[in-house]
Amino acid sequence: MNTTTATKPAAVASKPERRKRPIDYKDLTFNFFNYLLLTVLVLATIYPFYYIFIYSISDSIQAQKGVTFWPAGFSLEAYQTTVKLPGIMDAAIVSLSRTVVGTLITVFCCSFFAYLITKEELPFRKAIYRFVLVTMYFNAGFIPWYLTMKTYGLQNSFLLYVLPTALAGFNVILIKTFIEQLPASLEESAKIDGAGYFKIYTSIIFPLSMPIIATIAVFAAVGQWNTWFDNYFLVENPKLQTLQLVLYNFLNQSSNLSNATTEQLNRGDLVRTLTPQSIRMAITMLVTLPIVLVYPMLQRYFVKGIMMGAVKG
């Protein structure tokens with residue numbers, strides 16, 4: 001009778017024991033102070049905006065006693081008063097239109113101009129590029145700018161908001177540097193297929209340059225949204241007033257709140273229960289909030305674009 005012997009399973013190879021890494025107290029100390037410092041910097045960056053927000057929603061009278069971490073009471077009267085200003089909705093539309101149209105024009109003009117500057121066959125290419133660099137270091141001043149805008153017929157015109165900012169030397173340099181890092185074989189293959197410069201720009205260069213394009217778009221949008229200087233000096237048409245100028249005029253009006261006459265208060269031009277500081281905080285929030293909401297959507301392009309566009313000049 002044959003008997004079968006049970007076979008023992010092969011011994012499983014034992015895993016090598018992991019050696020415990022000795023505690024490096026120098027690394028621990030460095031990491032502790034590093035995180036501590038970064039935390040302090042983050043709080044120092046966020047707190048001013050947080051302070052403006054809690055002050056703007058605080059009761060104006062109670063907020064005068066001091067606001068630190070929590071609102072002093074609760075009131076939206078500063079916002080309600082601000083959004084009910086005459087012409088503020090039209091001004092908001094003008095500012096939004098200026099930001100969108102101006103950003104599109106700036107992005108197209110700067111990117112296409114930067115692409116042309118990279119072409120060696122462009123006549124006087126180096127001279128044109130150096131001329132662009134000069135504009136970054138020399139400014140004619142206010143009076144020549146004012147006379148030039150009037151000579152071009154841009155006074156009381158929406159074009160005043162979007163045409164003077166079509167080209168910016170800093171933007172051109174960033175985009176030019178980025179385009180020069182793209183593989184030349186892509187453009188060469190497109191030329192073999194019969195594509196012209198504009199076709200290559202729209203089909204190849206522009207899509208591949210999206211990181212730096214998004215960076216320039218952020219720069220242009222923030223500049224357009226915050227600018228009121230040209231509106232103040234060259235636009236008298238109330239239908240072309242920007243949101244920033246309307247809020248600026250209201251801020252100046254609210255600053256004289258303590259000197260307001262009884263007639264002004266009874267007429268409703270000023271609000272008795274609001275303080276200039278509350279109005280200032282509410283205006284700051286209203287002007288800043290749109291950019292704060294848009295920026296995170298473009299942030300992933302922003303860092304990559306600004307780094308790749310600044311490797312060389």
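Worth pointing out:
- Residues of segment 43-59 that are open to solvent by 20 Å² or more (accessible area, probe 1.4 Å) and touching a residue at least 40 places away in the same chain (Cβ under 8 Å): 49, 52, 53.
- All conditions in (1) surrounded by 14 or more Cβ atoms within 10 Å (Cβ to Cβ); (2) free of Cβ contacts under 8 Å to residues at least 40 places away in the same chain hold for residue 111, with the sole exception of (2).
- Residues being open to solvent by 30 Å² or more (accessible area, probe 1.4 Å), in contact (Cβ under 8 Å) with a residue 40 or more places away in the chain, under 23 Å from residue 217 (Cβ atoms) and in a loop (DSSP other than H, G, I, E, B) - total across segment 136-191: 7
Per-residue answers, yes or no, for (1) surrounded by 15 or more Cβ atoms within 10 Å (Cβ to Cβ); (2) not aromatic (Phe, Trp, Tyr):
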site	(1), (2)
61	no, yes
65	no, yes
79	yes, no
83	no, yes
93	no, yes
97	yes, yes
103	yes, yes
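- The one condition in (1) over 24 Å from residue 174 (Cβ atoms); (2) modelled with pLDDT of 75 or more that residue 223 fails to fulfil: (1)
- Among the residues of this structure, residue 122 counts as one that is surrounded by 13 or more Cβ atoms within 10 Å (Cβ to Cβ) and assigned to a loop (DSSP other than H, G, I, E, B).
- Residues (outside any loop (DSSP other than H, G, I, E, B), touching a helix residue (DSSP H, G or I) at 6+ places or on another chain (Cβ under 8 Å) and not β-branched (Val, Ile, Thr)) located in segment 40-68: 49, 53, 55, 56, 60, 63
The values are calculated or read from the model by the stated rules, or taken from the named source; none is laboratory data. Quantities reported herein were computed from a predicted structural model and do not represent experimental measurements. Virtual Cβ from ideal backbone geometry, glycine too; neighbours counted across all protein chains shown. Accessible surface is based on the protein model in full, side chains and every heavy atom, while ligands, DNA and RNA are left aside. Shrake-Rupley method; radii C 1.70, N 1.55, O 1.52, S 1.80 Å.
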